[in-house]
Amino acid sequence: MKDFLKRFKTAFIFTIGMCVICGFVYPMFLTATSQIFFHDQANGSKIEVNGEVVASEFVGQDFTDERLFHCRPSAYNYNTYTLEQLESGEYAGLSSGSNNYAPSNPALEKRISDEVKTFMDENPTVKLDDIPSDIVTASGSGLDPHISVEAAMVQVDRIVANTDLTNEEVISLIEKNTEHKILGIFGEDKVNIVLLNLDLAKEIGMI
Amino acid sequence: MLQIVCTLLLSMVIIMPFALYIYNITTKKKSFVDPVMDKVDDGIYRLFKIDTSDMDWKKYVCTLLLVNACMVLVGYLILRVQSILFFNPNGIGNMDQSLSFNTIISFMTNTNLQHYSGESSLSYLSQMLVIIMMMFTSAATGYAACAAMIRGFLGKKMGNFYVDFTRIITRFLLPMSFIVGLILVWQGVPQTLYPNYTVFTIEGKLQDIASGPIAALESIKHLGTNGGGFLGANSSTPLENPTIITNILELFAMMILPASCVFTFGHMAYDKYHEKKIQAGNDLSTIKDNKHVWLGSEGRSLFTAMAVLFLIGLILCFWAESQGNSAVAANGIVQTLGNMEGKEVRFGIAQSSLFTTVTTSFTTGTVNNMHDTLTPLGGMVPLLHMMLNVVFGGAGVGLMNMLIYAIIAVFICGLMIGRTPEYLSKKIEGKEMKLAALCIIIHPLLILGFSAISVIVPAGLEGITNPGFHGLSQVLYEFSSSAANNGSGFEGLADNTLFWNITTGIAMFFGRYLSIVIQLAIANSLMKKIDINESVGTLKTNTWTFAIVLVFVVYIFAALTFLPALALGPIAEALTLGI
């Protein structure tokens, strides 16, 4: 028994030691280092317009304005909400994830069919065959800031119809915000909607 | 396809030097960090009054269990009172009993099954002091057990738990976590103590954005093959995994330790062979210097078997996901991108299916896409790899499981062709076979037993959220993930209930500790045996043939135990959808 108590004491003190080293010293040291060397990224890559934070570069938003590009569907609306939704309790607080519908789940087919219908209503010039699959399916995180280049291109007609910009101007904005595969191999070609919409909003004088 | 091949080739190049480094840590060979790290380690031993002499297997196991028990105790207390402690800028409340129980078991066993969502259930202090601490210590525990088992198999003394545990943390996990963490921050992962914040969007709406010490958790989460995310949606969220660079970095980070364990085993087996040759008085010039040995021939057999299993799974997963989602196709959408439901645009099908296969093969459990939304056959691959639990496996334990399969393969082959079953010059006898059989039966027993209970009891059925065959897949996945100490999930399952918290907690506990105890018992029994000399009757285990035999033994065993369950879950779903 005495021997066990001695061993327990060693193990317990060792545990406290590990808590301090791994659970406190390490994260604090990393916090200090990253705050010094990568201050912007460490604080969330915030984007400011006229001195106010309007977005984070890596978090998508639930854009609904017909002059702006729209993101993919999200189970949590990108944690975007209005004051009314907050007061009525419709917004349940910070979250992330997807609906987790299996391919065999009828609810998935229904949700996608609703999305397709909404998209066709918003973009009447687009044919069903031309809708890329990413714009009607939900991402894993519900916060995806990207859409495929094709998904941006199919929205061009709507943007042109609702703003003073020409086709070429909108397409050049997309090209400017397209991120290509690294070395032509790794990743996918994609457009960051948050950055693209900020550029677009500046062009049309929204901000 | 090209990027999968390039990523895997690049991973081999990057892992090799680390593997050599880990081999040096395990065998206490000289390495370039000794001048500094020896002092640090000695300081830790002195500070905590640790006796660094060799332990026998019982003492080794008891110390392992005791240290883990203390950590469970401390962690549980912190979770229960986190609301009144400091570093809680988001005002998170205390975690309830059953969820705390599940969470603590989950992180201590290196599983990281999460029945909570990080955004709303853990304070920054809990994320650091409990979650990050356990990510280090559970990985170090698995590694230490593996190091002891290898030593036992090779007839060496088992070593000291505290020494193995401390060395891997101070020499590998801590410095690497810091470097990986810093790269993640550079790419855009937050690392701060400031609370979550709200922005006013250009459309005049509000948006809440999560924040916190994410990068610190993210790096050890992968290096220690842990897998529990800071946020609910884990590595699919752009805050945890913002770019393709972070994605590949996270992939490599989770491959290093399991792959290095196989490498270490191969080298140590080669060293033994080397020593025997010297004892026998052979000409030294015929023996290759260890530095020029790639894996060692015994290690090569295991590595090849694991790699074959891995590639078969990867190809199936990639193919199935490329076919697209039937619910999308039913709406007349052309899917050139593949099944994008539950996937991120920046990763696409290639990096998502690679990540899915790696995370379940190396039993990390981190996800960069939602596994519940995978196509039936694409989702069967992660499920199957967790059922096998030997395709590289988590920090240390994957190799331990593979060694058990190797013993069984040797035994089966021995029976078929009339050779004496021996492995690494040790005779395999009744006692080892009984223990190995017991060890291998625990895993399916936990998975299938608990799954059966869950589909009978109303409390279990209530958790299922997808109708039809996929519902069974959700249940199977949850228990496979628990028993294999993986931690990924078919996240649709409504699992934060008393029933699920307790059952998965038990599955994780026994899946981890029973296996480790039995495996070390086998190692101890082999350690005490006298080496027998190779004769014409010896079945060689360092050949390509043996690697192939091993693959078949693993698949046959899996088919015998899991095929009926798989047929009712993912396979039936695939057939109904016409894939």
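Here, each number is a calculation from the coordinates, and none is a lab measurement. For clarity, every value in this text was computed on a predicted model and none was experimentally measured. Neighbour counts are summed over all protein chains in view; Cβ atoms, including those assigned to glycine, are modelled from backbone coordinates with ideal geometry.
A few comments on the model shown:
- Around the Cα centre of chain A, unit charges on the Cβ atoms of Lys, Arg, Asp and Glu (plus for the first two, minus for the last two) sum to a dipole of about 1720 debye.
- Per-residue Cβ neighbour rank within 10 angstrom, fewest leading, A:SER56, B:SER326: B:SER326, A:SER56
- From helices alone, the protein assembly as shown scores -18000 deg cm²/dmol at 222 nm; the rule is -39500 (n - 2.57) for each run of n ≥ 4 DSSP H residues, then divide by the residue total.
- Förster-model FRET efficiency, 56 Å R0, A:ASP129 and B:ILE453, C-beta, rounded to 0.05: 0.70
- Exposure proxy shown here: for A:CYS19, A:CYS71, the number of other Cβ atoms within 10 Å sets the order, fewest to most, as A:CYS19, A:CYS71.
- Relative to its residue count, the protein assembly as shown spans a Cα convex hull of 161 Å³ per residue.
- Rounded, prolate or oblate (a/c below 1.5 giving rounded, otherwise prolate when a/b exceeds b/c) for the stretch B:442-501 by Cα gyration tensor: rounded
- Once C-alpha pairs closer than 8 Å and six or more residues apart are averaged by separation and normalised to the residue number of the stretch A:45-203, the relative contact order reads 27 percent.
- Here the dipole of the stretch B:2-257 is about 880 debye; that uses its Cα centre as origin and unit charges on the Cβ of Lys and Arg (positive) and Asp and Glu (negative).
- Highest mean packing first, where packing is the average number of other Cβ atoms within 10 Å per residue, the peptides B:441-452, B:45-56, B:167-178 line up as B:167-178, B:441-452, B:45-56.
- Charge dipole (chain B, unit charges on Cβ, about Cα centre) - positive-most of B:MET380, B:CYS62, B:ASN466: B:CYS62
- An ellipsoid equivalent to the stretch B:148-293, defined through the eigenvalues of its Cα gyration tensor, has semi-axes of 46, 15, 11 Å when rounded to whole angstrom and sorted largest first.
- Distance-filtered residues of the stretch B:404-443 - backbone nitrogen under 18 Å, label point 7 angstrom along B:VAL536 Cα→Cβ: B:417-421
- Between 0 and 90°, nearest 10: helix B:214-223 axis offset from chain B longest Cα axis: 30
- Remark: the Cα gyration tensor places the stretch B:2-257 in the oblate category, a/c being 1.5 or greater and a/b not exceeding b/c.
- In degrees, nearest ten, helix A:193-203 long axis to first principal axis of chain A (Cα): 50
- Distance (nanometres) between label positions extended 7 Å along Cα→Cβ at A:GLU87 and A:PHE4: 6.3
- Helix B:57-80 vs. chain B, principal-axis angle (Cα, 0 to 90°, nearest 10): 10
- Cβ-placed point charges (K, R +1; D, E -1), dipole of chain B about Cα centre in debye, nearest 20: 1840
- Between B:LEU568 and B:ARG46, the simple spin-label model (points 7 angstrom out along Cα→Cβ) gives 6.2 nm.
- Just so you know, the Cα atoms of chain B work out to an Rg and Dmax of 23.4, 83 Å.
- Separation of the stretch B:399-455 and the stretch B:219-278, taken as the distance between their Cα centroids, equals 26 angstrom.
- Computed over chain B: relative contact order in percent, which uses C-alpha pairs under 8 Å that are six or more apart: 18
- The stretch B:510-546 residues near the modelled B:ALA437 label - backbone nitrogen below 19 Å, point 7 Å along Cα→Cβ: B:515, B:518-523, B:525-526
- Separation of alpha-carbon centers, the stretch B:1-79 and the stretch B:492-545, rounded to whole Å: 20
- Taking a ≥ b ≥ c as the square roots of the eigenvalues of the alpha carbon gyration tensor, the stretch A:45-203 is rounded, as a/c is under 1.5.
- Per residue of B:124-131, other chain Cβ atoms within 10 Å of the residue Cβ number 3 on average.
- Annotation: for a label point projected 7 angstrom from Cα along Cα→Cβ of B:LEU73, residues of the stretch A:8-41 with backbone N closer than 12 Å are A:8-16.
- Fewest-first sequence of B:LYS29, A:LYS2 by Cβ atoms within 10 Å of each Cβ: A:LYS2, B:LYS29
- Neighbouring partner chain Cβ atoms per residue of B:109-118, average, 10 Å criterion: 1
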